[in-house]
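A.B. asks: Shown below is the structure under consideration.
Just so you know, all these numbers are worked out from the coordinates, no wet-lab data involved. In this text the structure is predicted, and so the values were computed from the model without any measurement. Here the Cβ is made from the backbone with ideal geometry for all residues, glycine too, and neighbour counts use every protein chain on show.
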Amino acid sequence: MPHLLSRRTAIQAASASLACAAMPLMAQPAWPTRPIRIIVPYTAGGFTDQMARLLQVGLQSRLGQPVIIENTPGANSIIGVSAVAKAAPDGHTFGVVIAAYAANTTLYSKLPYSPTKDLVGVSLLGVSPLLAAVPNNAPFKNATELVAYARSNPGKVSFGSSGNGSAAHLTTELLKAITNTYMVHIPYRGAAPALTDLLGGHLQLFLDAPTNLIQPGKMGRLRLIGVASDKRLPAAPEVPTFIEQGLQGFTGSTWASMIAPAGTPRDVVQRMSDEVSRIIRSDEIRAKLEAMGTFAEGTSPQACDAFIASETIKWAAVIKNAGVTAE
């Protein structure tokens, strides 16, 4: 009998020990436990904001929590990205960034965050090759004629951008380097005023996201002369690529990627990446992206990090070669 009691006591003790050990695991709450915040480091209505809002409804449905888009513009996206980097890495704060995020690493000598130490990629959402637009009265009707005119008339072609270091600026600097031409950069505070001056004939060239140029082009208000990509846009299939027009290797785009604070649990980052990819690749969202001139992506966190790293290297070379500064 004493032997039986001691055995029963040992079994009870072991069971109690296992129960206690299991309690912390059972007590772990499922993610997410509260609303998710997506910080957009630009004003509402732009490309970055549009990309974040395309995810909003789908994420709310799939994750069972409200998804709040928080626009935090300023300093060429640095203020908003810094807010993401400094947020608690608990899986409830994310950010959406574009090509300027990669360029800023070289453009600014000092940043309030480290892109490689303070932030991690979640998923590349989409890539939007830049379209080249010229006014209807421009003395060139295609990319070949533009290059010939710019070579014959150094400094007479002015090109606009949404600011120093923007995708539009750096892509045109790359075009200048490839074609050995000199064109004058006119920076604006955003794409809208640059487009206004292009339509008014005060600029001769503007490379920008297709979402801003496709409709004016189709309406005949300006001429679309090339796509900075290795393939044509489904939304504007009549516009040839620069590569088709003889400018081998000339590509440039804006793009959107989701990022998270470093230290965010890897399983949470992977789950968010999976959910984002499902939404981005759905027929409904893919169609909306194509209408914007954007190719749907939806990648793994590792592929997202690799893409951003490659873009950082690409634009660093352009920035240094052209002597581009943030001012």
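A.B. asks: Binning at 5 angstrom from zero up to the longest distance, how are the C-alpha pair distances of region 173-222 distributed in percent?
C.D. replies: 4, 18, 27, 23, 17, 10, 1
A.B. asks: Where Lys and Arg each count +1 and Asp and Glu each count -1, what net charge lies around Trp255 among other residues with Cβ under 11 Å from its Cβ?
C.D. replies: -2
A.B. asks: Can you pull a Stokes-Einstein diffusion coefficient for region 94-229 at 10 °C (1.306 mPa s), Rh from Kirkwood over Cα pairs, as a whole number of µm²/s?
C.D. replies: In µm²/s, the coefficient rounds to 100.
A.B. asks: So which of Lys231/Lys314; Lys156/Lys288; Lys231/Lys320; Lys141/Lys231; Lys86/Lys314; Lys218/Lys320 end up more than 30 Å apart, counting from Cα to Cα?
C.D. replies: Lys156/Lys288; Lys218/Lys320
A.B. asks: Also, I was wondering about something else. With contacts defined as alpha carbon pairs under 8 Å and 6 or more residues apart, what's the relative contact order of region 23-135 in percent?
C.D. replies: 29
A.B. asks: Rg/Rh for region 195-294: what does it come to with C-alpha atoms and Rh from Kirkwood?
C.D. replies: 1.09
A.B. asks: Compute a Gaussian network model of the chain, connecting alpha carbons closer than 10 Å, and tell me which residue from Gly190, Gly80, Gly126 fluctuates the most.
C.D. replies: Judging by the Gaussian network model, the answer is Gly190.
A.B. asks: Grab the other residues whose beta carbon is less than 10 angstrom from that of Val318, score K and R as +1, D and E as -1, and report the net.
C.D. replies: Around Val318, the surrounding residues sum to +2.
A.B. asks: Given the rule -39500 (n - 2.57) for each run of at least 4 DSSP H residues, summed and divided by the residues of the chain, what is its mean residue ellipticity at 222 nm, to the nearest 500 deg cm²/dmol?
C.D. replies: Numbers: 11 runs with 148 residues, N = 327.
Calculated mean residue ellipticity at 222 nm is -14500 deg cm²/dmol.
A.B. asks: Go through region 244-250 residue by residue and turn each phi into a ³J(HN,Hα) via Karplus (6.51, -1.76, 1.60, θ = phi - 60°); whole Hz please, and just put x for glycine and proline.
C.D. replies: Rounded to whole hertz, the list is 4, 9, x, 9, 4, x, 8.
A.B. asks: Hey, rough spin-label estimate for Thr116 and Arg281, points 7 angstrom out along Cα→Cβ, what's it come to in nanometres?
C.D. replies: Once both label points are built, they end up 3.0 nm from each other.
A.B. asks: Continuing with this model, one more query. With both bridge residues required to lie in the chain, what share of the DSSP beta bridges run antiparallel, to the nearest 5%?
C.D. replies: Counting DSSP beta bridges with both partners in the chain, the antiparallel share is about 60 percent.
A.B. asks: Express in whole angstrom the spacing between the alpha-carbon centres of region 181-217 and region 267-327.
C.D. replies: Using only Cα atoms, the two centres lie 23 Å from each other.
A.B. asks: For region 227-241, what does the Karplus curve 6.51 cos²θ - 1.76 cosθ + 1.60, with θ = phi - 60°, yield as ³J(HN,Hα) per residue in whole Hz, taken in order and with x for Gly and Pro?
C.D. replies: For region 227-241, the Karplus curve yields 10, 7, 8, 8, 8, 6, 8, x, 7, 9, x, 7, 8, x, 6 Hz.
A.B. asks: Still on this structure, please answer the following. Return the long-range amide H neighbours of Thr254 (sequence gap of 5 or more, or a different chain), with a cut-off of under 5 Å between placed amide H atoms.
C.D. replies: Sorted by chain and number, the residues that satisfy this are Ser128, Leu130.
A.B. asks: To test your reading of the geometry: what angle, between 0 and 90 degrees and rounded to tens, separates the Cα axis of helix 143-152 from the longest principal axis of the chain?
C.D. replies: Long axis of 143-152 versus the principal axis of the chain: about 60 degrees.
A.B. asks: Mind listing the Cα extents of the chain along all three principal axes, in Å, largest one first?
C.D. replies: Taking the Cα atoms of the chain, the three principal extents are 107, 41, 32 Å.
A.B. asks: Restrict the search to region 220-280; then list the GluC sites (Glu not before Pro) that DSSP places in a loop and that have at most 16 other Cβ atoms within 10 Å of their Cβ. Don't skip to the end; give the middle numbers.
C.D. replies: Details: sites: Glu238, Glu244, Glu275; in loops: Glu238, Glu244.
Passing both the DSSP loop test and the Cβ count: Glu238, Glu244.
A.B. asks: Could you rank the peptides 85-91, 152-158 by their average count of other C-beta atoms within 10 Å per residue, with the highest value first?
C.D. replies: Result, highest mean first: 85-91, 152-158.
A.B. asks: Follow-up. Under 15 Å from the Cβ of Ala209, count the other residues' Cβ atoms, weight Lys and Arg +1, Asp and Glu -1, and hand me the total.
C.D. replies: -2
A.B. asks: When only C-alpha pairs under 8 Å and at least 6 residues apart count, what is the relative contact order of the chain, in percent?
C.D. replies: Over the chain, the number comes to 25 percent.
A.B. asks: Then there is this: If you take the charge dipole of region 201-327 about its Cα centre, with +1 on Lys and Arg Cβ and -1 on Asp and Glu Cβ, which of Ala309, Ala260, Pro234 is farthest toward its positive end?
C.D. replies: About the Cα centre, the residue reaching furthest to the positive side is Pro234.
A.B. asks: Taking amide H atoms as placed 1.01 Å from N in the peptide plane, list the residues 5 or more away in sequence, or in a different chain, whose amide H sits under 5 Å from that of Ile68.
C.D. replies: For Ile68, the qualifying residues are Ile36, Arg37, Ile38.
A.B. asks: Report the convex hull volume per residue for region 232-290, counting only C-alpha atoms, in Å³.
C.D. replies: Working: hull volume 6.6 nm³, N = 59.
Taking the convex hull of the Cα positions in region 232-290, it is 112 Å³ per residue.
A.B. asks: Give me a comma-separated list of calculated 3J(HN,Hα) values for region 97-111, in order, Karplus coefficients 6.51, -1.76, 1.60 applied at θ = phi - 60°, integers in Hz, x for any Gly or Pro.
C.D. replies: Values, residue by residue: 10, 10, 4, 4, 4, 6, 5, 4, 4, 9, 5, 10, 5, 9, 10 Hz.
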